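A.B. asks: I'd like to ask some things about the structure below.
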Amino acid sequence: MGENKDILKKNGLKSTKSRKLILEVLEKSKEPMSAQKIFNNVRHQGELDFSTVYRTLSTLTDKSIIIKNIEDNGKAYYQINNHNHSHYLICSECKKRILIDACPLEEMAKNLEKITGFHISGHKLEFIGECPECLKKDKL
């Protein structure tokens with residue numbers, strides 16, 4: 001919990017209960033989480049309503065403490081900004097997300113910068129398909 005307080009202070013934010021709880025939930029998660037899922041994890045730990053969670057997520061995103069990604073379905077997912085980008089396999093059926101360990105695009109980004117003179121500040125890559133469990137269900 002001390003880490004959360006330090007990162008908040010370093011970004012000019014007060015260390016409030018809602019900020020600490022949300023950061024704690026996101027730090028424990030192995031995948032990005034929706035605002036609803038974050039709310040479901042913190043609502044029993046204090047008097048936090050959904051609007052407080054949403055406002056807190058907005059503040060933490062504005063300060064780049066967390067990252068907000070919007071999926072093709074329009075739903076937003078949040079994760080801690082550890083300044084390392086991530087790529088995922090996403091099941092189109094159950095929506096399970098599996099982290100890809102390595103970045104297959106870093107070399108490509110460097111080459112594109114050389115060719116185009118563009119400064120690439122980031123990229124996003126997701127593979128969408130069906131996970132083994134959903135494929136088994138389809139065959140039954």
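A.B. asks: Within 10 Å of each candidate Cβ there may be at most 14 other Cβ atoms; applying that plus a DSSP loop requirement, which chymotrypsin sites (Phe, Trp or Tyr not before Pro) in region 69-140 survive? Spell out each step's value before the answer.
C.D. replies: Working: sites: 77, 78, 88, 118, 127; in loops: 118.
The qualifying sites are 118.
A.B. asks: Which loop GluC sites (Glu not before Pro) in region 37-140, with loop taken from DSSP, have no more than 11 other Cβ atoms within 10 angstrom of their Cβ?
C.D. replies: On the way: sites: 47, 71, 93, 106, 107, 113, 126, 130, 133; in loops: 47, 71, 93, 130.
Answer in residue order: 47.
A.B. asks: Further, regarding this structure: Could you please state, rounded to a whole Å, how far the C-alpha centre of region 1-77 is from the C-alpha centre of region 80-140?
C.D. replies: Centre-to-centre (Cα) distance: 23 Å.
A.B. asks: List the longest stretch of the chain that has no exposed loop site; here a site is one of the trypsin sites (Lys or Arg not before Pro) assigned by DSSP to anything other than H, G, I, E or B, with at most 16 other Cβ within 10 Å.
C.D. replies: On the way: sites that count: 14, 30, 63, 75, 95, 96, 124.
Value returned for the longest uninterrupted segment is 31-62.
A.B. asks: Report the local net charge at residue 124: Lys and Arg +1, Asp and Glu -1, summed over other residues whose C-beta lies under 12 Å from its C-beta.
C.D. replies: Details: positive: none; negative: 71, 72, 126.
Net of charged neighbours comes to -3.
A.B. asks: Run the helix sum for the chain: -39,500 (n - 2.57) per DSSP H stretch of 4+ residues, divided by residue count, reported at 222 nm to the nearest 500 deg cm²/dmol.
C.D. replies: Numbers: 6 runs with 61 residues, N = 140.
So the calculated ellipticity at 222 nm is -13000 deg cm²/dmol.
A.B. asks: For the chain, what's the relative contact order in percent, using C-alpha pairs closer than 8 Å and at least 6 residues apart? Numbers along the way, then the final one.
C.D. replies: Numbers: 141 pairs, mean separation 25.1, N = 140.
Once divided by the residue count of the chain, the mean separation gives 18 percent.
A.B. asks: Express the relative contact order of region 2-80 as a whole percentage, based on alpha carbon pairs under 8 Å and six or more residues apart in sequence. Spell out each step's value before the answer.
C.D. replies: On the way: 80 pairs, mean separation 24.0, N = 79.
Once divided by the residue count of region 2-80, the mean separation gives 30 percent.
A.B. asks: If the limit is 31 Å between Cα atoms, which of 37/136; 75/139; 20/110 go over it?
C.D. replies: Values: 37/136 27 Å; 75/139 29 Å; 20/110 37 Å.
Listed pairs above 31 Å: 20/110.
Each reported figure results from applying straightforward, stated rules to the coordinates on display, with no laboratory input. Keep in mind that what you see is a predicted model, and the values were worked out from it rather than measured. Ideal geometry is used to build each Cβ from the backbone, glycine not excepted, and the neighbour counts take in all protein chains shown.
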